[in-house]
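Below: the structure, in structure tokens.
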Amino acid sequence: MQFAEIPGLSETKEKLLNAVKFNHLAHALLFHGPEGSANLTLALALATYLYCENPNESDSCGTCGSCQRMKKLIMPDLNFAFPVVASSKDDEGGEDGEKEEKVDVLANWRKFALGHPYGNVHDFIYFNGFEKKQLNISKAAARKIIQALSLMSFEGGYKIMLIWAPEFLHPSAANSLLKIIEEPPAKTIFM
């Protein structure tokens, strides 16, 4: 995603670009707006700009290896947290010890984010067939966030944690993330 692909919001784009240029980018950014707004797309465009190997004054180049990986959302230093259906204890295995086939939720998330960049949580529920199921970002997911951000950056640049729909954070997950959000490791950004 590039800034040029997002219609309007020129003042917001300019403020984000100036924050990067003058090294005043906050370690935690909240993209807030009504449903259907460019919250996710702005976050992805900023991440693309930060990872770009040849950024220009107003946007990422769109052709370097990092930009190409961002088009598929497969950057190794870009991490996602998003609400999913809580796993049950039945996932351990049935009477025969067989485990149910696990769904690759990250692949589904990437398909959704690329195909529905202006989508909301209800679109995400419909996209994944989660009707009548409670979604949340669990404490186990919070532990994975902390673990992922405690590792060194794979490519030596920024580590970005994009938390989509943070209102679905379980209270215990939110509490366990407070410390790392307040004092993140160097070159770590929460969006």
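The values are calculated or read from the model by the stated rules, or taken from the named source; none is laboratory data. These figures come from a predicted structure and were not determined experimentally. Cβ atoms come from the backbone with ideal geometry, glycine included; neighbour counts cover every protein chain shown. With ligands, DNA and RNA removed, areas are computed over all heavy atoms of the protein, side chains included. Shrake-Rupley method; radii C 1.70, N 1.55, O 1.52, S 1.80 Å.
Count, please, the residues in region 2-27 that happen to be in a helix (DSSP H, G or I) and either touching a Gly at 6+ places or on another chain (Cβ under 6 Å) or aromatic (Phe, Trp, Tyr) (or both). So the answer is 1. Which number in (1) more than 21 Å from ASP104 (Cβ to Cβ); (2) of a type in the set (A, V, I, L, M); (3) more than 14 Å from the chain's Cα centre (by Cα) marks the one condition that ALA140 misses? It is condition (1) that ALA140 fails.
Residues that are farther than 16 Å from GLN147 by Cβ and touching a strand residue (DSSP E or B) at 6+ places or on another chain (Cβ under 9 Å) within region 163-174 comprise TRP164, ALA165, PRO166, PHE168, LEU169, HIS170, ALA174, listed in sequence order.
Residues checked against (1) more than 14 Å from GLY157 (Cα to Cα); (2) touching a residue at least 40 places away in the same chain (Cβ under 8 Å):
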site: HIS24; (1), (2): yes, no
site: PRO34; (1), (2): yes, no
site: CYS52; (1), (2): no, no
site: LYS71; (1), (2): yes, yes
site: ILE74; (1), (2): yes, no
site: ASN79; (1), (2): no, yes
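If you filter region 66-94 down to residues that are open to solvent by 40 Å² or more (accessible area, probe 1.4 Å) and farther than 21 Å from LYS139 by Cα, you find that the one that is modelled with the lowest pLDDT is GLY94. Going by the structure shown, is PHE31 among the hydrophobic types (A, V, I, L, M, F, W, C), in a loop (DSSP other than H, G, I, E, B), at pLDDT below 95 and surrounded by 11 or more Cβ atoms within 10 Å (Cβ to Cβ)? Yes, satisfied.
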